[in-house]
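Working notes, beginning with the structure itself.
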Amino acid sequence: MRPETAAELGEILRQSGAQAVHLEGQNSKAHWGNQRDGVGITISTAALNRILNYEVADLVVTVEAGVKWVDLRRVLAAQGQFWAVQPLYPDQATVGGIMATADSGAWRQRYGGVRDGVLGIHWVRPDGAETKAGGQVVKNVAGYDLMKLLTGSWGTLGCITQATLRLYPLPPVTRSFLIQGEDLEQWRQGLLDSALQPTAWDVLSAPLVAQLGYPAQMGLWLELRGTALAVAEQVARLPQVLMGATVQELDPETGEQLTRHLSLPGTQPQLLLKIGVLPTRTVALVTYLQQIAPHAWVQMHSGVGVGWFVLTPMPADVEALVTKIRQFVYPEGFASVVCGPAIPNRWDVRGNSLALMRRVKDQFDPQHRFNPGRWLWD
Amino acid sequence: MVDWGQVAEEFARCLEPRRVVRRREELLVYECDGLTSYRQRPALVVLPKTTQEVQRAIHICRKYHIPFVPRGAGTGLSGGALPEEEAVLIVTAMMRQILAVDVPNRRVVVQPGVINTWVTQAVSGKGFYYAPDPSSQTVCSVGGNVAENSGGVHCLKYGVTTNHVLGLKMVTALGEVVELGGMVPELPGYDLTGVVVGSEGTLGIVTEVTLNILKTPEVVQVLCADFATVAQAGAAVSAIIAAGIIPGGMEIMDNLSINAVENVVATGCYPRDAGAILLVEIDGLPAEVAEAMGQVQAICKTQGARGIQVATDPQERYKLWQGRKAAFAAMGKISRDYYVQDGVVPRSQLPWILQEIERLSQASGYRIANVFHAGDGNLHPLILFDESVPGALEEVEHLGGEILKLCIQAGGSISGEHGVGAEKRCYMSDLFSPTDLETMQLLRRAFDPDHLANPSKIFPTPRTCGERAQVAQKFPQLQVY
């Protein structure tokens, strides 16, 4: 079902009693999470695809959840602005899907994650009631910050219908570089400790570097954005920070090329992990991953310690592989099986807050109607 | 009826007796927070030092079914730490340890009683700082910042508290110790860190906070432009944002504030005859800052700036900021009392709302000074009054409420950084529908099903908000703007 308004969506929920509800946008991530059992109804936000209010002077846009990232980007770029997320499936991904999976991408270290850019949210509850939190201004502390609760909740608390997003001025110049050589960790930390302000600073595994058309050797991808003068000033300082490195300039679109490489079609068997590790261990992690999974494409955002691991075809013993990775990234990190077999503890919730999360779920969706089985809950 | 003697004895057994405050005269200092016009003596005050002690304190509250009100340094401006008559005040001010500093990973772990500026002091030698900087940063605590999701003058570019908190340890109102988030962002599961920040102590008590620190910029410059009118300064702000420049901070002070500050702090750098001054701070690499500063200067001139000063060295910068940071205190010197509001409007609506505030000021006869985070559209109108005049407080509260309603009308919010607290909960219904408020209660029930944590804050209740409506009716002259 493809409701065209939040009211229609609410009506569908009220009319469908206690039936299970599977939520989707453009379905680009249908292969993510545990696979549905077919029971219940499917609601798509694809027809909720209007840009409702674009306050250019305020750098704020309010959009419906089904608006595609590419379409939004086009509209914003025409005004010299952008939403600072770089999601997987850039051609299909919708605002609602990006929010539900908190798919922030490489710009996180500079602009914050999806969570940091959502100023307001509207959603429909399992009982069909329309509700909201936050607002349309960049600074607002009135009421609970339920934008953050819904962001990354995998559609298990409510169906997001619209969001107000914080935007940034589109920098006129982008330059991208590949850094290779022996001292990756030293360069990684050196650049972060310098006065440079990279928008992306990611560790890439050798097979992913090869996808970009460069020698299959682990490397660092650096992106600098700003005015021509500001970028040139940073580039001039690179030799100081990257002493002894092989530096090659890449296509300015490298960031998006990387997300496209990692966005394998759902029909292709693949293991997709979201991994977190202390930033100081990102180079060591990718080095280790190259030993235990030599063909994996890995992109770790080294300023924050979060990234993607993609392996195709599906390895024989996923559980053993994931266990090894977790042993490496613990105690601070995590490794979630976003796409792959339903191994025990696939999501890897850390700490002791699962019981509290369950109480939140039980309050927001007492009948567990939304996306049952897909994520953490039955 | 609660047997407070027995309850106090039980607290004294789990904390040192001297950290259980019962004597009337000692309770006095806890009667209010930074919103001094609201006062209530608490039944009992306890000062735990560890997570375990906070947990024990909450267990005792649960045992006797006594509500508790968390309090940090007590500098909040919305009455979030206002005690209740039949409640325990749990004060985190003695939880003052910096537990871990990990500069390579840019993390600092602190107890909630640690003062905001101590975080920067702990890492500044290594070239880092903690970004959120409320004006009270030398006295306010991180726990309070987390509760209120505090902002500051440098939030425009780097964000508010929530954007810098990676993880929390807390004791929920059910008495369980939970670890939320951690050293790495985007940990699997719900982002409960994100909802606890800004929850104003209504979900439990935070006992450890993992903060993100930032690299100190190489170059920082502050520009101070003076304008004949506040509207011109506001237009300059819009033009700077529209030019694609994101300054570290962008602040406006109006004529009344300028003169108050010049009287008290005597910086000698704000022209007394200016309608408004605009402070713009730009940070980054040298050429980048020079380029942006050049553009900002040009914009200010185009918008009619009469004079422009640019401070490049730390002392000059400090001097320019000093007046802004002292603005609230200075107001206390020119008026017996002042009432500060904290509304937000879309940045483009600043000129409109300032005109409306001026109109309200003239209609009511109360002087209103405006000091605000212009880049964020976050207003801090200060209404000057004399609390000893009977009825004056009610009138200025009503006037503050009218300003908030205008903010809502402009598409804004009733609080940008001070929180809703005890003060503004009756305006929540103007911003949110009954369904929205009911949805927020779903979250609360998951943390605090028995409604013991700071129970009378944030959300409107028919009783109190009904009373306020009656107060307003007593002053019908205020309805005729």
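The values are calculated or read from the model by the stated rules, or taken from the named source; none is laboratory data. Because the structure is predicted, anything quoted here is derived from the model rather than measured. Positions of Cβ are backbone-derived with ideal geometry, glycine not excepted, and every protein chain shown enters the neighbour counts. Ligands, DNA and RNA are excluded from the accessible area calculation, which covers all protein heavy atoms including side chains. Shrake-Rupley method; radii C 1.70, N 1.55, O 1.52, S 1.80 Å.
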Query - Residue ID - surrounded by the fewest Cβ atoms within 10 Å (Cβ to Cβ), chosen from residues in region B:109-159 that are over 30 Å from A:Leu59 (Cα atoms) and within 13 Å of chain A (Cβ to nearest Cβ) - result: B:Lys126
**Report entry** Top-ranked residue in region B:330-340 [being touching a residue at least 60 places away in the same chain (Cβ under 8 Å) and either open to solvent by 70 Å² or more (accessible area, probe 1.4 Å) or in contact with a Phe, Trp or Tyr (Cβ under 6 Å, 6 or more places away or on another chain) (or both); ranked as nearest to B:Ala233 (Cα to Cα)]
**Finding:** B:Met331
Query - Out of B:Val344, B:Val340, sole residue that is within 14 Å of chain A (Cβ to nearest Cβ) and touching a helix residue (DSSP H, G or I) at 6+ places or on another chain (Cβ under 8 Å) - result: B:Val344
Query - Subset tally (residues that are surrounded by fewer than 21 Cβ atoms within 10 Å (Cβ to Cβ) and under 23 Å from the mean Cα position of the chain (by Cα)) for region A:121-134 - result: 0
Query raised in the report: Does at least one position in region A:222-232 carry a residue that is part of a strand (DSSP E or B), away from every other protein chain (no Cβ under 13 Å) and open to solvent by less than 20 Å² (accessible area, probe 1.4 Å)?
Result: yes
Query raised in the report: Restricting the search to region B:272-295, which residues are within 30 Å of B:Arg367 (Cβ to Cβ) and open to solvent by less than 40 Å² (accessible area, probe 1.4 Å)?
Result: B:Ala274, B:Gly275, B:Ala276, B:Ile277, B:Leu278, B:Leu279, B:Val280, B:Glu281
Report task. Select from region A:144-156 the residues that are over 22 Å from B:Leu431 (Cα atoms) and in contact with a strand residue (DSSP E or B) (Cβ under 7 Å, 6 or more places away or on another chain) and write down the one among them that is nearest to the other protein chains (Cβ to nearest Cβ). Result -> A:Thr156
Query - Failed item in (1) at pLDDT 90 or above; (2) away from every other protein chain (no Cβ under 14 Å); (3) surrounded by fewer than 21 Cβ atoms within 10 Å (Cβ to Cβ), with B:Trp352 passing the rest - result: (2)
Query raised in the report: Based on what the data block shows, is B:Pro83 within 13 Å of B:Tyr30 (Cβ to Cβ), assigned to a strand (DSSP E or B), under 19 Å from the mean Cα position of the chain (by Cα) and touching a residue at least 24 places away in the same chain (Cβ under 8 Å)?
Result: no
**Report entry** Residue within region B:212-223 that is crowded, with 23+ Cβ neighbours inside 10 Å, assigned to a loop (DSSP other than H, G, I, E, B) and within 14 Å of chain A (Cβ to nearest Cβ) present
**Finding:** yes
Report task. State all residues of region B:226-261 that are part of a helix (DSSP H, G or I) and either touching a His at 6+ places or on another chain (Cβ under 8 Å) or of a type outside the set (Gly, Ala, Ser) (or both); if no residue qualifies, say none. Result -> B:Val230, B:Gln232, B:Val237, B:Ile240, B:Ile241, B:Asn255, B:Leu256, B:Ile258, B:Asn259, B:Val261
Query raised in the report: Are any residues in region A:3-52 farther than 20 Å from A:Arg374 by Cα, touching a strand residue (DSSP E or B) at 6+ places or on another chain (Cβ under 8 Å) and open to solvent by 50 Å² or more (accessible area, probe 1.4 Å), and if so, which ones?
Result: A:Ala7, A:Asn49, A:Arg50, A:Ile51, A:Leu52
Report task. For region B:162-199, enumerate the residues that are within 27 Å of B:Phe372 (Cβ to Cβ) and at the interface with chain A (Cβ under 9 Å from one of its Cβ atoms). Result -> B:Thr162, B:Asn163, B:Gly194, B:Val197, B:Gly198, B:Ser199
